[in-house]
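*Asks:* Below is one structure. I have some questions about it.
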Amino acid sequence: LLSQNHSLGQDSLLFKFPKNTYFKKNLTSKFDEEIYILNGSIKFSGNILNKDFYSYIPSGYEKKMFSSLKGATGIIFLNKQTKKTKKINNFYPNFFHEDWIPRINCFENIWSSPPNELKYIDLNNCGARVNILRADETTNNNTFLVGFPPLWSFPEVCNLGGILEIFLINGNVNNSKGSMRAGSYLRIPHGSFLSSMYSKESAVFLFKT
C-alpha cells in the first residue's frame, strides 16, 4: 500500500503476481482502476498488458480468465466509483464504456513537449517530454508520464492542485531531501512543495493528479 484516502475512496498500491497465476472466477471491482505494468505481463478478457503498458478499467468491468504466465509487478490506482452506471451499451452493459482505455503501449510513439497546464513546473527548459495517458475534464484528474534527458534539473515548486502522486519508473534522481531510485514514490498534498530535483542520468516518472 503506497497511500490511502478514505474520504475520497482512493488507494494506490504496488502489486505482484507470481508465475503461472490464474483465476478461474471472473473478477470485478467497485473501483475504477488504473494499471501500469512495471515488469512481466497480465492477461484478461483477451487483453494483454505487457511491460510499460497502461490501462484504465472502469468499475463493473468483468475480467475474464485473468492470468499471468510470466508473473508481473505493477502499480494500480483505485478510485471508488461514485457515478451511476448507464446501461446504454448492449455489448458492455455494466460499466462506462466511454471511459475504458483497454491498453496503451507507453513507449510506442514519440512523446510531445509539455502542455500549457504543466508549464508552471518549467519542464520545457530541462528538455522534458510528456505522454498523457488519461485526462478527465470533469475532475481535472490526469495520469501522465514525464521523461527527462541526461543532465536535467528543475526547481522546487508548490503544488497548487489536488494530491499529486509521483512514481519513479527509471533512473536515479537526487532531490533536496535525498536520493530516489526506480520504485521511489512521493505523495504531495495540496499546498505542499515538490522538492527540486536533478540527475546526470535520464529518468521517467509516472504522475497521477
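*Asks:* Can you tell which of Trp152, Trp100 is of a type in the set (Phe, Trp, Tyr), open to solvent by 30 Å² or more (accessible area, probe 1.4 Å) and either over 21 Å from Leu49 (Cα atoms) or in contact with a strand residue (DSSP E or B) (Cβ under 9 Å, 6 or more places away or on another chain) (or both)?
*Replies:* On the way: Trp152 fails: open to solvent by 30 Å² or more (accessible area, probe 1.4 Å).
That would be Trp100, the only listed residue that is of a type in the set (Phe, Trp, Tyr), open to solvent by 30 Å² or more (accessible area, probe 1.4 Å) and either over 21 Å from Leu49 (Cα atoms) or in contact with a strand residue (DSSP E or B) (Cβ under 9 Å, 6 or more places away or on another chain) (or both).
*Asks:* While we're looking at this one, here's another question. Restricting region 37-69 to residues that are under 24 Å from Phe96 (Cα atoms) and touching a residue at least 60 places away in the same chain (Cβ under 8 Å), which is surrounded by the fewest Cβ atoms within 10 Å (Cβ to Cβ)?
*Replies:* Result: Tyr56.
*Asks:* Separate question: Of all residues in region 12-28, which are farther than 22 Å from Asn105 by Cα and open to solvent by less than 30 Å² (accessible area, probe 1.4 Å)?
*Replies:* Residue satisfying the conditions is Thr21 alone.
*Asks:* Among the residues of region 172-206, which ones are among the hydrophobic types (A, V, I, L, M, F, W, C) and surrounded by fewer than 15 Cβ atoms within 10 Å (Cβ to Cβ)? Explain how you work it out, then say what you get.
*Replies:* Residues of region 172-206 among the hydrophobic types (A, V, I, L, M, F, W, C): 173, 180, 182, 186, 188, 193-194, 197, 203-206.
Of everything in region 172-206, those that are among the hydrophobic types (A, V, I, L, M, F, W, C) and surrounded by fewer than 15 Cβ atoms within 10 Å (Cβ to Cβ) turn out to be Ala182, Phe193.
Listed here are the residues, each with its yes/no results for (1) closer than 26 Å to Phe107 by Cβ; (2) in contact (Cβ under 8 Å) with a residue 24 or more places away in the chain.
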{"residue": "Asn175", "(1), (2)": "yes, no"}
{"residue": "Ser184", "(1), (2)": "yes, no"}
{"residue": "Phe193", "(1), (2)": "no, yes"}
{"residue": "Met197", "(1), (2)": "yes, yes"}
{"residue": "Glu201", "(1), (2)": "yes, yes"}
{"residue": "Val204", "(1), (2)": "yes, yes"}
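The values are calculated or read from the model by the stated rules, or taken from the named source; none is laboratory data. Predicted model only: the values in this text are computed from it and were never measured. Reconstructed Cβ throughout: ideal geometry from the backbone, glycine too, with neighbour counts over all protein chains shown. Side chains included, ligands, DNA and RNA excluded: accessible areas come from the protein's heavy atoms. Shrake-Rupley method; radii C 1.70, N 1.55, O 1.52, S 1.80 Å.
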